[in-house]
Amino acid sequence: MKHYNIAIDGPAGAGKSTVAKRLAKELGFIYVDTGAMYRAMALYFLRNGIEASQLDRIEQACRNVDVTIDYQNGEQHVLLNGEDVSRLIRTEEVGNMASASSVHKVVRLKLVELQRELAKKQNVVMDGREIGTFVLPDANLKVYLTASVSERARRRFGELKEKGIDADIKAIEKDIEERDHRDMTREFAPLKKAEDAVLVDSSDMTIDEVVDTIKSLINNI
């Protein structure tokens with residue numbers, strides 16, 4: 001039986017996860033949070049004092065890491081070697097480590113196999129940097145979701161302020177630009193728009209508008 005797969009790619013802060021979660025819920029699909037999986041790997045590296053540049057140690061660590069996603073009462077739980085780390089992986093430190101360590105092929109291949117197997121068994125919405133170009137090249141619908149650097153920084157600044165965290169919007173913009181550069185220039189499976197992906201710029205759109213736009217694309221397939 002063929003399952004329906006939706007791939008959403010794009011740079012950091014474009015709203016991929018929020019849109020993908022909402023879309024999956026409305027469609028009754030499984031949301032596969034690939035970013036959370038990479039963050040769980042990054043948390044393991046940080047806990048073990050492994051730097052992103054230490055490829056030998058990262059390769060060895062990948063043999064000992066198991067990352068899975070489970071749903072309980074409709075809520076996603078990210079498990080790192082059996083431990084629920086859902087709340088621990090959302091820090092800036094973990095996010096930066098995930099971006100820096102994911103340039104290594106061994107890290108990406110470790111997780112891609114699990115992602116592909118899940119997509120074979122379930123109707124999924126999957127978001128990330130290279131879902132449509134590498135992980136699910138045969139996805140039924142591919143979307144490249146983006147937004148301007150200034151808008152992505154503004155959104156991140158707002159999120160941090162809501163949590164009571166002081167932030168410098170200029171520093172956030174610089175961080176976003178650096179992460180974009182790393183993601184787009186890495187040697188293995190870099191971030192780019194798949195040739196058959198639909199470009200959606202969310203700079204001036206609400207979450208509801210983005211979700212409705214993607215749902216209309218699904219209806220036209």
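The values are calculated or read from the model by the stated rules, or taken from the named source; none is laboratory data. This structure is a prediction, so every number in the text was calculated from the model and none was measured. Every residue, glycine as well, gets a Cβ built from its backbone with ideal geometry; the counts of neighbours run over all protein chains shown.
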Considering only residues of the range 13-33 that are surrounded by fewer than 23 Cβ atoms within 10 Å (Cβ to Cβ) and of a type in the set (Val, Ile, Thr), which is modelled with the lowest pLDDT?
Ile30
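Just the residues that are more than 20 Å from Lys21 (Cα to Cα) and modelled with pLDDT of 95 or more, please, taken from the range 82-92.
The first filter runs over the range 82-92 and keeps only residues more than 20 Å from Lys21 (Cα to Cα), leaving 82-83, 92.
Glu83 - this is the single residue of the range 82-92 that is more than 20 Å from Lys21 (Cα to Cα) and modelled with pLDDT of 95 or more.
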If a residue must be in contact with a His (Cβ under 9 Å, 6 or more places away or on another chain) and not in a helix (DSSP H, G or I), how many such residues does the range 44-67 contain?
1
Check on Glu59, more than 17 Å from the chain's Cα centre (by Cα) and touching a residue at least 12 places away in the same chain (Cβ under 8 Å)
yes
Filter the range 107-122 down to residues that are in contact with a strand residue (DSSP E or B) (Cβ under 9 Å, 6 or more places away or on another chain) and surrounded by 16 or more Cβ atoms within 10 Å (Cβ to Cβ) and give me whichever is farthest from Ala24 (Cα to Cα).
Lys110
Checking the condition in contact with a strand residue (DSSP E or B) (Cβ under 9 Å, 6 or more places away or on another chain), assigned to a helix (DSSP H, G or I) and aliphatic (A, V, I, L, M), which residue from Ile218, Ile176, Ile172 passes?
Ile218
For the range 122-144, check the following and say yes or no: at least one residue is out of contact with any helix residue (DSSP H, G or I) (no Cβ under 7 Å at 6 or more places or on another chain) and of a type in the set (Lys, Arg).
no
Looking at (1) free of Cβ contacts under 8 Å to residues at least 12 places away in the same chain; (2) over 18 Å from Ala14 (Cβ atoms); (3) assigned to a helix (DSSP H, G or I), find the lone condition where Arg87 falls short.
(3)
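Each row is one residue, and each column tells you yes or no for (1) of a type in the set (A, V, I, L, M, F, W, C); (2) under 12 Å from Val143 (Cα atoms); (3) at pLDDT below 95.
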position: Asp166; (1), (2), (3): no, no, yes
position: Arg179; (1), (2), (3): no, no, yes
position: Arg182; (1), (2), (3): no, no, yes
position: Glu187; (1), (2), (3): no, no, yes
position: Lys192; (1), (2), (3): no, yes, yes
position: Val198; (1), (2), (3): yes, yes, no
position: Asp201; (1), (2), (3): no, yes, no
position: Ile207; (1), (2), (3): yes, no, yes
position: Ile218; (1), (2), (3): yes, yes, yes
If you check Asp166 against the conditions, is it within 26 Å of Glu26 (Cα to Cα) and surrounded by fewer than 17 Cβ atoms within 10 Å (Cβ to Cβ)?
no
